[in-house]
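Peer 1: My questions will all concern the structure given below.
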Amino acid sequence: MRRARVTLPDGRVRETLFASATEPADSWRWLPPVEGTVVGALLNYRGELDALSDTLSAPPYQAPPKAPILYLKPANTRIGHGHEVALPADVDGVWAGACLGVAISCTATRVPAQHAADFIAGYTIVNDLTVPHASYYRPAIRHKCRDGFCPMGPWMVDRDDVPNADALDITVRINGEVKQRANTSTLVRPIAQLLADVTAFMTLESGDVLLVGMPENPPLARAGDRIDIDIAHIGTLTTALIRHAQEASR
């Protein structure tokens, strides 16, 4: 089952179920399917970690990370499917970060990997928009936390309706052209292990979303581009980039 949140023309918010990938009426406005904290994991795709092996072994890092490197996407970043994101004047382009989002079903503390499924409500798609940068251990707040930089949706698909979340094809299209293909089978920490490692020191609550990582070589998108992220068995998340109104009027 697909679980979505939409705003009706009269302003009311409705939680809606979809048995198939049917979009709602054009007059509805998509909201993020879940409302909790969004926690992201860096360097959790094998290709990205391998490509940076020399860099991570040099100062100031000295060695590849032994624990998950985490970051947050605060409330100002979260928007729904089909929304526009206005790029500010100091941002020329952004990485389109195709992420599988794991929605948490109940309070998760020190979850054993073998029981991780009991704490997963379902899965959604997240576009972790990021201003390109080269630092991995410093908090990338300015690069990841701009307004609208966390499109989510269109819905959350129930856990049992996704056959194997550790083997999902991911496709990113910009203006209809395929720019990236990836698969969650190349995660450094599969979903159950990632959830176990994160909750070993940090409690996640019902409605929180854990991003499993951004695949290596994310494509760059600019104002005027349309980004479509497709994840098998979940759907397609669409985001349009525009130039901030003040900048566009100059």
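The values are calculated or read from the model by the stated rules, or taken from the named source; none is laboratory data. Because the structure is a prediction, the values reported are computed rather than measured. Cβ coordinates were reconstructed from backbone atoms using ideal geometry, including for glycine residues, and neighbour counts include every protein chain displayed.
Peer 1: Where in region 17-134 are the strands (runs of 3 or more DSSP E), entirely inside, with at least 2 residues that are modelled with pLDDT of 95 or more and within 20 Å of residue 184 (Cα to Cα)?
Peer 2: 38-42, 98-104, 120-127
Peer 1: Additional query: Is at least one residue of region 139-152 part of a strand (DSSP E or B), in contact with a Phe, Trp or Tyr (Cβ under 8 Å, 6 or more places away or on another chain) and surrounded by 15 or more Cβ atoms within 10 Å (Cβ to Cβ)? Write out each step before concluding.
Peer 2: Restricting attention to region 139-152, the residues satisfying the condition of being part of a strand (DSSP E or B) are 150-152.
Among the residues that remain, those that are also in contact with a Phe, Trp or Tyr (Cβ under 8 Å, 6 or more places away or on another chain) are: none.
Among the residues of region 139-152, not one is part of a strand (DSSP E or B), in contact with a Phe, Trp or Tyr (Cβ under 8 Å, 6 or more places away or on another chain) and surrounded by 15 or more Cβ atoms within 10 Å (Cβ to Cβ), which makes the answer no.
Peer 1: Which residue pairs have Cβ atoms under 8 Å apart, sit 6 or more places apart or on different chains, and have a first residue in region 41-54 that is hydroxyl-bearing (Ser, Thr, Tyr) and a second that is at pLDDT below 75?
Peer 2: Taking only residues 6 or more apart or on different chains, the pairs are 53/64.
Peer 1: Right, next: Have a look at 103, 89, 117 and point out the one that is of a type in the set (A, V, I, L, M, F, W, C), out of contact with any Cys (no Cβ under 6 Å at 6 or more places or on another chain), in contact (Cβ under 8 Å) with a residue 60 or more places away in the chain and surrounded by 22 or more Cβ atoms within 10 Å (Cβ to Cβ).
Peer 2: Being of a type in the set (A, V, I, L, M, F, W, C), out of contact with any Cys (no Cβ under 6 Å at 6 or more places or on another chain), in contact (Cβ under 8 Å) with a residue 60 or more places away in the chain and surrounded by 22 or more Cβ atoms within 10 Å (Cβ to Cβ) holds for just one of 103, 89, 117, which is 103.
Peer 1: For region 196-226, give me the residue count where each residue is outside any loop (DSSP other than H, G, I, E, B) and under 18 Å from residue 118 (Cβ atoms).
Peer 2: Qualifying residue count for the region: 7.
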